[in-house]
Amino acid sequence: MSSTRTTPPSPPGTGRSVRRPGDRVFAGTAKGAGILILVILAGVAAFLVVEAVPALTAPAEDIPGDSGLAGYVAPLVFGTLLAAVIALLVATPLAVAIALFIGYYAPRRMAQGLGYLVDLLAAIPSIVYGFWGIFWLAPKLVPFYVWLEEDLGFVPLFAGPASTTGRTMLTAGLVLAVMILPIVSAISREAFLQVPSLHREAALALGATRWEMIRMAVLPYGRSAVVGGAMLGLGRALGETMAVAIVLSVSGGITFNLISSGNPSTIAANIALEFPESSGIDINTLIASGLALFVITLAVNMLARAIVNRRADFSGAN
């Protein structure tokens, strides 16, 4: 006869199983790490608020530009958002297309090498992207900017005059697009590869082509991951410093003209360029602009989390 071993019941009245010491240690470590993140975030926010108070309460004539803090920060916020949006609009469709090609069209050996190559873009320092943008990309785009001014000058985005150096907001946005491309592509690729094989096989069995299978089964499944990856890339674009500081020619205020040299700077690039020579209230003004960037980045991440959760709930309901 084979003996059966029974598990001793839990102590009466507890209603839960006894956890092992290792489980308790792991749970405590994970909880402590989560609390530490919140403490660090609160500390950064408190530092920015305290250091920005002198600039928030200073007279308008004490702020650089003599236009008050709002007049100083507004063009920087506009430039930051404009460059990041350009990068997002260019990088997201390209990243999704690359992810689909690697996952469902490229041969296995080619897909593996191409995936490594795309991921390698994330390891390139931002200053290298800046040098590539100013010395190679910007001169190559000058004839294209001239064409845009001549044929599409009636559109405010391309009103001109076209830059003779190529150091424009559009160039900076394209450099940022290349920088965030591997982030969006990697997250999208992993999501697309997790699509259940039964879903793909069912679509193909019903007579769908490969593209129809991707459109009906793959893209809906990975939509939330694409949104999350795009928002993560947007956060990277919002905070990029050196590449934008090197590429962008700053000599203007708020403008939607993308091919002219008169562009507003971004918050991160302006802080990097102005901080070494600043003192007193100028430093507080730069920190106040950093506080604005902190709020924007936090809002973008909260929006991304809300979108991802909403889509996940919608998919679960279906």
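The values are calculated or read from the model by the stated rules, or taken from the named source; none is laboratory data. On a predicted model such as this, the values are computed, not experimentally measured, just so you know. All Cβ positions, glycine included, derive from the backbone under ideal geometry; neighbour counts span all protein chains shown. Please note that ligands, DNA and RNA were not included when accessible areas were found on the heavy atoms of the full protein model with its side chains. Shrake-Rupley method; radii C 1.70, N 1.55, O 1.52, S 1.80 Å.
Model label sites at ALA45 and LEU157, defined 7 Å from Cα along the beta-carbon direction, differ in position by 3.5 nm. Each helix, a run of at least 4 DSSP H residues, gives -39500 (n - 2.57); summed and divided by the residues of the chain, these come to -23000 deg cm²/dmol at 222 nm. In this structure VAL50 has an accessible area near 100 Å², from a 1.4 Å probe over the protein heavy atoms. Overall, the ratio between the Cα radius of gyration of the range 164-254 and 2.2 N^0.38 Å, rounded to two decimals, is 1.53.
Using the Karplus relation 6.51 cos²θ - 1.76 cosθ + 1.60 with θ = phi - 60°, the per-residue 3J(HN,Hα) values for the range 255-267 come to 8, 8, 6, 8, 10, 9, 7, x, 10, x, 7, 9, 5 Hz, with x marking Gly and Pro.
Normalise the Debye intensity by I(0) for the range 204-303, one equal point scatterer per Cα, no solvent, then take log10 at q = 0.14, 0.22, 0.23, 0.24 Å⁻¹ and round to two decimals. Ignoring solvent entirely, the Cα scatterers give -0.71, -1.17, -1.21, -1.25. Helix 138-152 axis versus longest C-alpha principal axis of the chain: approximately 80°, rounded to the nearest ten.
Once backbone amide H atoms are built at 1.01 Å from N, VAL250 has no partners under 5 Å, excluding neighbours fewer than 5 places away on the same chain.
Stokes-Einstein, applied to the Kirkwood radius of the range 97-217 over Cα pairs at a viscosity of 0.890 mPa s and 25 °C, places its translational diffusion at 142 µm² s⁻¹.
Per-residue 3J(HN,Hα) values for the range 56-64, derived from phi via the Karplus relation 6.51 cos²θ - 1.76 cosθ + 1.60 with θ = phi - 60°, read 5, 9, 6, x, 4, 6, 7, 7, x Hz in sequence order (x marks Gly and Pro).
Rg/Rh for the range 76-313 stands at 1.04; both radii use Cα atoms, and Rh follows the Kirkwood definition. Taking the longest Cα principal axis of the chain as reference, the axis of helix 68-100 is set at about 50 degrees. Computed from Cα atoms, the angle from the helix 281-317 axis to the main principal axis of the chain rounds to 40 degrees.
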